[in-house]
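See below for the structure under consideration.
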Amino acid sequence: ISFSPAFNVIHGGNAQGKTSLLEAILFATTSKSHRTSNESDLVAHEAEGFRIHLSAHRSDRTIQMDANVHHGAKRFKVNGIAQSRVSDILGKVNTVFFSPEDITLVKGSASQRRKFLDMELSQLHAPYLIALQQYRQVLKQRNELLRRHQSDTTLLEVWEEQLVQHGMVLIEKRTEFIEELTPLAVEAYHRIAGEECLTLQYLADVGASDDFTAVLEKARPTDIRRKVTTRGPHRDDIDFMIDGQPARSKASQGQ
């Protein structure tokens, strides 16, 4: 299928593949589906896998992207060159996908809103993606250490130093992103909903001006007792407010 460079409308009966077409574009550009994390759910019945070829025309160049899933293995190519890491395809073609399931961005858990932040920022800023990958790896190592019966304080301090290093990148970029997004979201909501006032707030577990190292040190006894890292950007959230009321609990489906 070839799209117009302007606005495109895809229409047809139920279960004809309209959403599957959009999902294919999303998968080829982000390696993710909007509805499942299990690639086997995307494979046609009795098929061994699938292949997607996408040609995208950017302002400065044309990009060819290939996604191939076969017997559970994912492989991607950009302009015919195999990508050693799935994350390397992010940002090559920026994609924004909106679907009915996205109501979970407001109504769902904080992890859904962090996923939104991470996906958008990973497409926009390569350093953010690197910091996110490093932060998750260090967080995993620290949590594994905490699960041991005897947590080594010296080792915890080593992991904490790296958590601070990578975590501050996440905090700063998320803060900037919400500050840039807020006026755009407020104006867009005003055009749709009239006089209702939308506000967004980034709820950073550790603020940009906080001493992240001191926060982790203070939380260490609690972390050892609970055997998990309780402070950091992996606990962040976004608050949506409509006319001063929390949208999560007060807003209607239409709002």
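The values are calculated or read from the model by the stated rules, or taken from the named source; none is laboratory data. What you see is a predicted model, and the numbers here were worked out from it, not measured in a lab. Note that we place each Cβ from the backbone using ideal geometry, even for glycine, and neighbour counts take in every protein chain shown. Ligands, DNA and RNA are stripped out before the accessible areas are found, and what is left, the full protein with its side chains, is counted by its heavy atoms. Shrake-Rupley method; radii C 1.70, N 1.55, O 1.52, S 1.80 Å.
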Q. Measuring from the lowest to the highest alpha carbon on each principal axis, how far does the range 193-243 reach, largest first, in angstroms?
A. 50, 23, 13
Q: Quick one: angle between helix 153-193 and the longest Cα principal axis of the chain, in degrees between 0 and 90, rounded to 10, please.
A: 50
**Q.** the range 82-96 - phi-based ³J(HN,Hα) in whole Hz, Karplus 6.51/-1.76/1.60, Gly and Pro as x
**A.** 5, 9, 5, 10, 4, 5, 5, 7, 5, x, 5, 9, 6, 10, 10
(Q) Run the paramagnetic zone check for N94: 7 angstrom along Cα to Cβ, then residues of the range 104-147 with backbone nitrogen under 12 Å. (A) 120-126
Q: Roll a 1.4 angstrom probe over the protein heavy atoms and tell me the percent of accessible area of the chain that is carbon or sulfur.
A: 52
Q: Could you compute the FRET efficiency for T19 and L184, with r as their C-beta to C-beta distance and R0 at 25 Å, rounded to 0.05?
A: 0.45
Q | Efficiency of FRET from Cβ geometry, S4 and N79, R₀ 22 Å, rounded to 0.05 | A | 0.40
Q. Quick one: if you stick a label point 7 Å off each Cα along the C-beta vector at R136 and H45, how many nm between them?
A. 3.3
Q.
If I take every Cα pair under 8 Å that is 6 or more residues apart in the chain, average their sequence separation and divide by the length, what percent do I get for the relative contact order?
A. 14
Q | Solvent-accessible area per residue for the chain (1.4 angstrom probe, square angstrom) | A | 61
(Q) Let me confirm the definition first: pairs of Lys residues in the range 30-170, 8 or more apart or on different chains, C-alpha distance under 25 Å. How many are there? (A) 14
Q) Working out 0.36 nm times the residue gap between S109 and R225, then minus their Cα-Cα distance, what length gain in nm do you get to one decimal? A) 39.3 nm
(Q) Suppose the chain between E101 and E195 were pulled fully straight at 0.36 nm per residue; how much longer would it get relative to their current alpha carbon spacing? (A) 31.2 nm
Q: Go through 47-54, 23-30, 189-196 and give me the packing order, highest mean Cβ count within 10 Å leading.
A: 23-30, 47-54, 189-196
(Q) Would the chain count as rounded, prolate or oblate if I go by the C-alpha gyration tensor, calling it rounded below 1.5 in a/c and otherwise prolate when a/b exceeds b/c, oblate otherwise? (A) oblate
Q) Looking at the range 29-166, what % of the alpha carbon pairs are farther apart than 18 Å? A) 67
